[in-house]
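Nothing in this text is a laboratory measurement; each read-out follows from the coordinates by a stated rule. Being a predicted model, the structure only gives us computed values, none of them experimental. Every residue, glycine as well, gets a Cβ built from its backbone with ideal geometry; the counts of neighbours run over all protein chains shown.
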Amino acid sequence: MSAVLDHHGSHDHDHDHHDHGPLHGWRRWVFATNHKDIGTMYLLFAFTMLMIGGILALCIRAELFQPGLQFFNPELFNSFTTMHGLIMVFGAIMPAFVGFANWMIPLQIGASDMAFARMNNFSFWLMIPAAIMLAGSFFMPGGAPAAGWTLYAPLTLQMGPSMDAGIFAMHILGASSIMGSINIIVTILNMRAPGMTLMKMPLFAWTWLITAYLLIAVMPVLAGAITMTLTDRHFGTSFFTPAGGGDPVMYQHIFWFFGHPEVYIMILPAFGIVSAIVPAFARKRLFGYTSMVYATASIAILSFIVWAHHMYATGMPVTGQLFFMYATMLIAVPTGVKIFNWIATMWRGSMTFETPMLWAVGFIFVFTIGGFTGLICAMAPIDMQLQDTYYVVAHFHYVLVAGSLYALFAGVYYWGPKWTGVMYSETRGKIHFWGSLIAFNVTFFPMHFLGLAGMPRRYADYPMQFADFNAIASVGAFAFGFMQVYFFVFVVIPMMRGQGEKAPQKPWEGAEGLEWEVPSPAPFHTFENPPKLDATATRVIG
Amino acid sequence: MMMKTTKTLWHRARQGLAALGMVVGAQAAMAVNDLAGGPAKNQLDLHPPVTRIASDVQDLHYIMLIICAGIFIAVFGVMFYSIIKHRKSVGHKSANFHESVAVEIAWTIVPFAIVVVMGLMATKTVVAMKDTTNADITIKTTGYQWKWGYDYLKGEGEGIGFLSTLDVAHRQMSDAGKPAGDNYLLKVDNPLVVPVNKKIRIITTANDVIHSWMVPAFAVKQDAIPGFVRDTWFRAEKTGDFYGQCVELCGKEHAYMPIHVKVLSAEDYSKWVDGKKKEMAAKADDPKKVWALDALAARGEKVYNANCAVCHKPDGKGGGPIKPIDGAPVVNDADKTKQIMVLLNGQNNGAMPSWKALSDTEIAAVVTFTKNHWSNKTGQIVQPADVVALRK
């Protein structure tokens, strides 16, 4: 897939200049320094991890289809929930957005490549050993880590050697993320084409700029927390061991100081993708560009002062509880501004509903349900009933699957023609969308009821009163999984093979931005000389 | 030809539907009723409140639902109106506006005002939930892997203490994949007993990892954290049985440490306290007593079933990472102290926890039992005094 192989550079006047076409065979990928190739690898890696994490999710849903233990013992079940979370967060969603950043940011800001091409290669290839170590921990003595994706101490101190492998893998993934973020920040701040001022930059670049700062700020915090876990496990320290004067709740504070910005790391780039797609298919400029930028920045800043809303049940003092409740509810304001801006963009537009637009509208609709349940969970007294129940599971899947994953699909359909040079099949795209939308809601909507009724999460078996909703959720989960296999086989593979209608340079009538100023598929090298831009910085004029 | 293919397809589809029907039928065959004080079948809402706080929480939740539903309908009403009317296929031409400071300010201020109101509504309940002063009865709740311990510290019943464990039959039904009963996974040997209309302060702590003590009908949820104490409270306004479960992942048996609170009238509670105190006095073992092998092993079998059988299984064979006891070298070892030390201190980094919370007699009994049961035929007897000697 990716760039066409017939690179053209008129280098006849400069014979010392090396040929910058792609290398051939495996060298092209292992030694890749081209942002498009690396972006492609990130996306394929993320999809592979999505499938592994998905299989774990289906194991969970199979076990929960009926009460009683049918397939797995509870320890293995706990490993499934833990690894499903870790793999989806660190292996699927985050790398997928980095893949988008690699592919699209240089194209959108008129840069020739990412700032640090070799570091870019390194940050991708670091993820492979980490992923192998993470997924391979199932085969280590004692099985994979089973302490939940949050890795709460002191339960982590009871885990087998796979916990150490998991910690090491997270360190490597964190290093990879930090390098990727530095690359993105430097690229955006230094390599914009002349005339592409910050406030003319596409929102996807803006949201990623802010996300990259979040990543640099919080990945070291996670590294600190898991390093302390590691030294508690092996070197006799007692950061989190009460017997030696440590505090298990301190782990949670450190973890969620990372963890809450982390959830915005996974959603802000999604906002950027949706902000590109909605105007394109409404054939109308994005409403309130400036307020979108400010709203994104406010969400990012607020994300640092709300972490303890994950910890209401630990027993905070009343002032702490009130502070975190108020701060959390404030996040609804900038998030609401974003939703209103998207709807104002649609208002009195001239809309069509190709697959990217369907996913984007689906995102706005279903993500908002997750936003509302988030507001309900933010209310400390209500959260006393909902904390650690299936309500929370429903909530964060509404924002992470219907949020991040839907936006990723929207982006694949929107920019896929630019990547591959062929159009996807509109019918198949629509089948994928509607199938996923229905299956998603069948899976996760009943979980709200289970949570309200008090079914705890991470349970391998449950009282029989919960049986019917669990059965429905399991059926939905298998349907959802099936739709993603359909997507890969019938949408992704044909596009990668170049099967389908040839994509024009700008397949979407209302799309704006520099990525539509280069041919489809995007050539191996683009904007080798800084382009001259028009006043809006959306067109190349020479 | 075409007809025939269609017919076959239709037939196949019907077979598929029938198979699906059977699965759904199997689901329905597991007949279950609502459990009073526990979950109702296909319950859609929070539990019927039994405390003032729980009913405040329920009201808050309803208000939030109404506000959110209102905003949802308004916002998506506009969006779907736009989707229907402002589409290219009906010939709508796009307008050109893309900015309005006034509108932006309006839709920042209005949501801000709404969340301020929401925050204020919740504040009173937060403060009330946190007010654990002036309790009538104080009970310490200790989370163990995987059971709850209750110690009555203050108020009527002071001095009472016991462990509360899932009925082992339920654990076996779970393993067998054959669940049954309205209180499946919620039945314990010793429920927590409290009087009605009294302020009960629950102090939580834990022995090993973090657990969390939850009773939805009381709107109570409090993490039990090893090495630390936290507290919460409730005042049940109805008598009856109320159920909850551990809600903080605490290891492999996380799903098997339920909570059962029995709320009694004041008189019944006093009677229960009297009875429990007499029972405890009668049970209090003299660690100096010298037991006969049979009597001690019989006592040990009870201890085994209440504490050990969950992991090591009733047949002593263990399973997976859990070591067998039947035929284990340490159990059959001539040196009796080895096994006692394992029970007192735990083993394998806490995978086998320390059982020093058991009494000397209980430890002596269960060691004697395992040394003389299944294929273990050592003939050894461990007296409570042996355990006392090894405790430091």
Report summary line: Among A:GLY224, B:LEU293, A:MET83, the residue whose Cα sits farthest towards the positive end of the charge dipole of the protein assembly as shown, when +1 is placed on the Cβ of each Lys and Arg and -1 on the Cβ of each Asp and Glu, is A:MET83
Query raised in the report: Can you sort A:LYS418, B:LYS289, B:LYS278, B:LYS198 by how many other beta carbons sit within 10 Å, fewest first?
Result: B:LYS278, B:LYS289, B:LYS198, A:LYS418
Query raised in the report: Just from its helices, what would the mean residue ellipticity at 222 nm be for chain B, if runs of 4 or more DSSP H residues each count -39500 (n - 2.57) and the sum is divided by every residue, rounded to the nearest 500 deg cm²/dmol?
Result: -14000 deg cm²/dmol
Query raised in the report: Normalised by the number of residues in region A:70-163, what is the relative contact order in percent for Cα pairs under 8 Å and 6+ residues apart?
Result: 42
Report summary line: The alpha-carbon center of region A:266-303 and that of region B:130-194 are separated, in whole Å, by 50
Query raised in the report: Just for the protein assembly as shown, what percent of DSSP beta bridges are antiparallel, to the closest 5?
Result: 70
Requested in this report: Bin all alpha-carbon pair distances of region B:57-216 at 10 Å intervals from 0 and give each bin's fraction as a whole percent.
Outcome: 8, 20, 20, 17, 14, 11, 8, 1, 0
Query raised in the report: What number, in percent, do you get for the relative contact order of chain B if the mean sequence gap of Cα pairs under 8 Å and at least 6 apart is divided by its residue count?
Result: 13
Report summary line: Taking every C-alpha to C-alpha distance in the protein assembly as shown and binning by 10 Å from 0, the per-bin percentages run 2, 11, 20, 23, 19, 13, 7, 4, 2, 0, 0
Requested in this report: Could you list B:LEU390, A:LEU452 in order of exposure, starting from the residue whose Cβ has the fewest other Cβ atoms within 10 Å?
Outcome: B:LEU390, A:LEU452
Requested in this report: Work out the mean other chain Cβ neighbour count within 10 Å for the residues of A:142-155 and drop it here as an integer.
Outcome: 3
Report task. Compute the long axis of helix A:203-234 from its Cα atoms, compare it with the longest principal axis of the Cα atoms of chain A, and write down the angle in degrees, 0 to 90, nearest 10. Result -> 40
Report task. In debye, nearest 20, what is the charge dipole magnitude of region A:213-348 about its Cα centre with +1 on Lys and Arg Cβ and -1 on Asp and Glu Cβ, if you could check? Result -> 800
Query raised in the report: Full extension from B:ARG52 to B:ASN349: what is 0.36 nm times the residue separation minus their Cα-Cα distance, to one decimal in nm?
Result: 102.6 nm
**Report entry** Of A:TYR486, A:TRP415, A:GLY476, farthest towards positive along the dipole that unit charges on Lys, Arg, Asp, Glu beta carbons give region A:398-488
**Finding:** A:TRP415
Report task. Would you mind checking region B:88-116 for residues with the amide N under 11 Å from a putative spin-label position 7 Å along Cα→C-beta of A:THR352? Result -> B:88-89
Report summary line: Stokes-Einstein, Kirkwood over Cα pairs, region A:73-149, 25 °C, 0.890 mPa s; D in µm²/s equals 171
Query raised in the report: Which distance in nm do the two modelled labels at B:LYS277 and B:ASP335 give, with both placed 7 Å along the Cα-to-Cβ direction?
Result: 4.6
Query raised in the report: To the nearest Å, what is the center-to-center distance of region A:81-137 and region B:221-269, using C-alpha atoms only?
Result: 44
Report summary line: Whole-number value, in Å³ per residue, for the convex hull of the alpha carbons of chain A is 148
Query raised in the report: Which three extents, in whole angstrom, do the alpha-carbon atoms of region A:101-202 cover along their principal axes, largest first?
Result: 57, 24, 15
Requested in this report: Note the full-extension length gain between B:GLU99 and B:LEU65 as 0.36 nm times their separation in residues minus their Cα-Cα distance, in nm to one decimal.
Outcome: 9.1 nm
Report task. Set the Förster distance to 35 Å, then compute FRET efficiency between A:ILE55 and B:SER265 from the Cβ-Cβ distance, nearest 0.05. Result -> 0.05
Report task. Would you work out the charge dipole size for region A:306-456 about its Cα centre, treating the Cβ of every Lys and Arg as +1 and the Cβ of every Asp and Glu as -1, and quote it to the nearest 20 debye? Result -> 380
Query - Cα-based helix-to-principal-axis angle, B:52-85 vs chain B, degrees rounded to 10 - result: 30
Requested in this report: Within 10 Å of each Cβ in peptide B:115-128, how many partner chain Cβ atoms are there on average? Round it to a whole number, please.
Outcome: 5
Report summary line: Volume per residue (Å³) of the convex hull spanned by the alpha carbons of chain B is 244
Requested in this report: Return, ordered by residue number, the residues of region A:386-404 whose backbone nitrogen is under 19 Å from a label point located 7 Å along Cα→Cβ of B:ASP45.
Outcome: A:386, A:391
**Report entry** In degrees, nearest ten, helix B:266-283 long axis to first principal axis of chain B (Cα)
**Finding:** 40
Report summary line: Residue-normalised 222 nm signal for chain A, counting each DSSP H run of n ≥ 4 as -39,500 (n - 2.57), nearest 500 deg cm²/dmol, is -20500 deg cm²/dmol
**Report entry** Inter-label distance, nm, simple model (7 Å from Cα along the C-beta direction), B:ALA292/B:SER359
**Finding:** 2.0
Query raised in the report: Other chains near B:49-55: what is the mean number of their Cβ atoms within 10 Å of each residue's Cβ?
Result: 1
Report summary line: Most exposed to least, judged by fewest other Cβ atoms within 10 Å, A:HIS35, A:HIS84 sort to A:HIS84, A:HIS35
Query raised in the report: Can you give the extra length, in nm with one decimal, that the chain gains between A:THR48 and A:THR536 once fully stretched, where that is 0.36 nm per residue apart less the Cα-Cα distance?
Result: 171.8 nm
Report task. Return the sequence-ordered ³J(HN,Hα) values of region B:33-41 in whole Hz as given by the Karplus equation 6.51 cos²θ - 1.76 cosθ + 1.60 applied to θ = phi - 60°, using x for Gly and Pro. Result -> 10, 4, 9, 4, x, x, x, 8, 5
